[in-house]
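The values are calculated or read from the model by the stated rules, or taken from the named source; none is laboratory data. Note that the structure is a prediction, hence the values are computed from the model and not measured. Neighbour counts run over all protein chains shown; Cβ positions are idealised from the backbone, glycine included. Ligands, DNA and RNA are excluded from the accessible area calculation, which covers all protein heavy atoms including side chains. Shrake-Rupley method; radii C 1.70, N 1.55, O 1.52, S 1.80 Å.
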Amino acid sequence: IGNRTNPMPQSKLTDRFGRTVNYVRLSVTDRCDFRCVYCMAEDMTFLPRQQVLTLEEIARVARNFVDLGTEKIRLTGGEPLVRKDILELVKEIGTYGLRDFAMTTNGSQLTTMAEPLRKAGMHRLNISLDSLDADKFRNITRTGKLSQVLDGIDAAREAGFRGIKINTVVMKGRNDEEIP
């Protein structure tokens, strides 16, 4: 992907209130291996591949944000781990000296990807887990297996990330009774 350093410091990126923009989320794909009822239709129409930024373009955008004062980047999707060669992008961005580098994931690929992600420079994970009941989980995700995500969470813990957060979308009549 290629590491570029900016020889001339640039001004900080600020919002309309004068605050430095120090945190950005970068979506690396619109694709996902789940079809969660709150996120995607069962039969999705995805962007044509030529309209999706290449990994090199995403790395350049990330580098430019860092050059403008960004200290925290989170990779999102869709599901980032279904993006081909995502580890190459993580390795590149992992060299940018970020204070925090995170990814939001559904956890489905973490049994094989957690350790490589951490070794590539990822600091933290936000993992979506909308139910601890296998049938409800399958109903919400339409395609997901709860056991696969729980195994992924275990793999992430074993990989030694700085932090792991669990996110849940609480939906009346679907999983709300699981929340105390």
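For the full complex of protein chains and a 1.4 angstrom probe, list Asp151, Asp30 by accessible area with the highest value first. Write out the running numbers ahead of the final one.
Working: Asp151 80, Asp30 40 Å².
My answer, sorted largest first, is Asp151, Asp30.
List the trypsin sites (Lys or Arg not before Pro) within the range 78-165 that fall in a DSSP loop (any state other than H, G, I, E or B) and whose Cβ has at most 16 other Cβ atoms within 10 Å.
Numbers: sites: Arg83, Lys84, Lys91, Arg99, Arg118, Lys119, Arg124, Lys136, Arg138, Arg142, Lys145, Arg157, Arg162, Lys165; in loops: Arg83, Lys84, Arg99, Arg142, Lys145, Arg162.
Within the range 78-165, the qualifying trypsin sites (Lys or Arg not before Pro) (loop, at most 16 other Cβ atoms within 10 Å) are Lys84, Arg99, Arg142, Lys145, Arg162.
Report relative contact order for the range 98-147 in percent, whole number only (criteria: Cα-Cα under 8 Å, sequence separation at least 6). Before the final figure, lay out the partial values.
Working: 44 pairs, mean separation 18.5, N = 50.
Over the range 98-147, the number comes to 37 percent.
Would you list which aspartates and glutamates come within 18 Å of Lys172, measuring only between C-alpha atoms, while excluding same-chain residues fewer than 8 positions from it?
Asp130, Asp133, Asp135
Would you mind finding the longest exposed-site-free stretch of the chain, with exposed chymotrypsin sites (Phe, Trp or Tyr not before Pro) meaning DSSP loop and at most 12 other Cβ atoms within 10 Å? Present the calculation step by step, with values, prior to reporting the outcome.
On the way: sites that count: Phe17, Tyr38.
My reading of the result: 39-180 is the longest stretch.
Return the lysines within reach of Lys84: Cα separation strictly under 27 angstrom, same-chain partners fewer than 8 residues apart disregarded; answer none if there are no such residues.
Leaving aside lysines fewer than 8 places away in the same chain, those within reach of Lys84 are Lys72, Lys119, Lys145, Lys165.
Work through the residues other than Glu178 whose Cβ is under 14 Å from its Cβ and net out their charges, Lys, Arg +1 and Asp, Glu -1.
On the way: positive: Lys136, Lys172, Arg174; negative: Asp130, Asp133, Asp135, Asp176, Glu177.
Overall, the nearby charge balance is -2.
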